[in-house]
Structures are given as structure tokens and as C-alpha cells.
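The block underneath contains the structure these notes are about, expressed in C-alpha cells.
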Amino acid sequence: MKDISVKMENITKEYRIYRNNKERVKDALIPNHKNKTFYALNDVSMTAHKGDIIGLVGINGSGKSTLSNIIGGSLSNTSGNIEKHGEVSVIAINAGLNAQLTGLENIEFKMLCMGFKPKEIKELTPKIIEFSELGEFIYQPVKKYSSGMRAKLGFSINVTIDPDILVIDEALSVGDQTFTQKSLDKIHEFKEADKTIFFVSHNIGQVREFCTKIAWIEGGRLKEFGDVDDVLPHYEKFLKDFKKKSKAQQKEFKQEL
């Protein structure tokens, strides 16, 4: 058995729902008063080992992105415990990018925030620019970028700095096919290097192609977790049945969850 890279125990993320300020004040001042609570995640436990590529799947609103943000560190869990053994990088459209800065300035700024020294940044920057394929656009403000260009920049920075744990949240759903394939090839390299990847995607083909395990999140709970060959067929059947429902039935199903 390979070493553990991420261990999650009973991870819960809850949000209080207030209709007005009066309800908010009551919740703050009255002991034991608890307003309506929405559980984005509820009692999720999972262990990832080095070399695991885990596809986080589920319909919109199921809690996939909440979980990926907790793993990435941009969101804190309400209760439960998460242990991460290694450096974590998150690739999502706009994640960690400043729209006012140019692409080049974003590379420098993000790497400084990650603790890289100026000399290391100078060495790695040309590799990042080359991988991104942004050309002269690297000198333009990110606010002028398309979503695909932002994803390219974010992906290029994160894979070049060589993290131990990589979280990819729908970042390969935009952009051109050539870059997507190059990104997938890079992910395969990471897999060979025994890194851990969490992959959030609605693209079942991509999930099947390179994920080794599937975590199926439904209504904030971990419905199923295991090898891709065991879990993915169950999820695909659910998805097929879900798509057959009318829009009203789909809405009702989500509300019940």
C-alpha cells in the first residue's frame, strides 16, 4: 500500500440560512438557537494515497467544488479533520489570478505567495509561458483574457511548480482541444511520479480516461468511493436516469437532497 497523501475524516461544511438580519441577530445572541442550516458537505470521509487520481463526480450543487476547495485550503470545514502530506496546488478558472495584473505579473505574484525565491521564479517563468501557449498575451491584463486563456495560465503555473497534490476543478472544460490533451499528458506524468490528483469534471470521458478512483458526491454526502471500474458504471446509470427526468422532477430531486 502506498503512503497516504490526504486523509479526510467526517468532513462537514455547513452554512446558516438567514432571511433577514433579525434571524442573524437571534442566532448570535440566543443560546442554543439555531437557524436553518444548509449542509454543503455532510460527514465525508476518504483516504487518498500517492499516485491516486480521484475523480470527484456528482450533479451540480452536490458538493464537489466545496470539497475541492477544502482540500485546496481556500475553504475551511465546519467540523471533521483533514490531513495533507505535501504541497497542494489548485487549478480552477480564475483561482489565484488577479484580473488587474498581466499574465506575467500573475506568474511572479502567485509564485512569491507560494514561497518561491526571485531566482527560482526567473528560472521557471519561461517554462510556464511556453507551456501556456499565450504568446504576447502574457503581457496583457488577465481581465482581457477569455476563460480558456485564464485556465491555460492557471494550469501552466500550477503544473510547472510541481506540487505533491493537485486539485483540478473544471479547468480542462474550457480552451482548445490541443491544450487539453497536453494538460492530460502532463497529468499522466504526475501519476507516474506518484503525485495525488483530485479531478472535478462533468466530462465522463476524461474521468474514465485517466482517473483511478471515483468519489461520487450526492447531496453533500459521499455516496460511493472506490476503483473507477466499480463506481463509474453506477454513476453513469444514475446520470442516465437523472437526464430522463423532466426539469421539474430534476429540481424536485435536488431540493430533496
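The values are calculated or read from the model by the stated rules, or taken from the named source; none is laboratory data. The model shown is predicted, which means the values in this text are computed figures rather than measured ones. Positions of Cβ are generated from backbone atoms using ideal geometry, with glycine treated the same way; all protein chains shown enter the neighbour counts. Quick note on the areas: whole protein, heavy atoms, side chains included, nothing else; ligands and nucleic acids left out. Shrake-Rupley method; radii C 1.70, N 1.55, O 1.52, S 1.80 Å.
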Revision key, fill the gap. Counting only residues that are open to solvent by 30 Å² or more (accessible area, probe 1.4 Å) and of a type outside the set (A, V, I, L, M, F, W, C), the stretch 182-202 contains a total of 9
Review point. Assuming Leu29 fulfils every condition listed in (1) modelled with pLDDT of 90 or more; (2) of a type in the set (A, V, I, L, M); (3) surrounded by fewer than 17 Cβ atoms within 10 Å (Cβ to Cβ) apart from one, which condition is it?
Key: (1)
Review point. Just for the stretch 95-115: of the residues that are more than 15 Å from Lys143 (Cβ to Cβ) and at pLDDT 90 or above, which one is most open to solvent (accessible area, probe 1.4 Å)?
Key: Glu108
Exercise for review: Could you grab me the full set of residues in the stretch 138-151 that are open to solvent by 100 Å² or more (accessible area, probe 1.4 Å) and modelled with pLDDT of 95 or more?
Suggested key: Tyr139
Check your understanding: Yes or no: Glu236 open to solvent by 20 Å² or more (accessible area, probe 1.4 Å), at pLDDT 90 or above and within 15 Å of Lys64 (Cα to Cα)?
Key -> no
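Matching residues to (1) farther than 17 Å from Ile197 by Cβ; (2) within 13 Å of the chain's Cα centre (by Cα):
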position: Thr37; (1), (2): yes, no
position: Val44; (1), (2): yes, no
position: Ile54; (1), (2): no, yes
position: Gly61; (1), (2): yes, no
position: Leu67; (1), (2): no, yes
position: Ser74; (1), (2): yes, yes
**Study point:** Hits in the stretch 116-131 - residues which are free of Cβ contacts under 8 Å to residues at least 24 places away in the same chain and open to solvent by less than 80 Å² (accessible area, probe 1.4 Å)
**Key:** Glu120, Ile121, Thr125, Pro126
Review point. Hey, among Gly205, Gly175, Gly154, which residue is out of contact with any His (no Cβ under 7 Å at 6 or more places or on another chain), at pLDDT below 90 and surrounded by fewer than 18 Cβ atoms within 10 Å (Cβ to Cβ)?
Key: Gly205
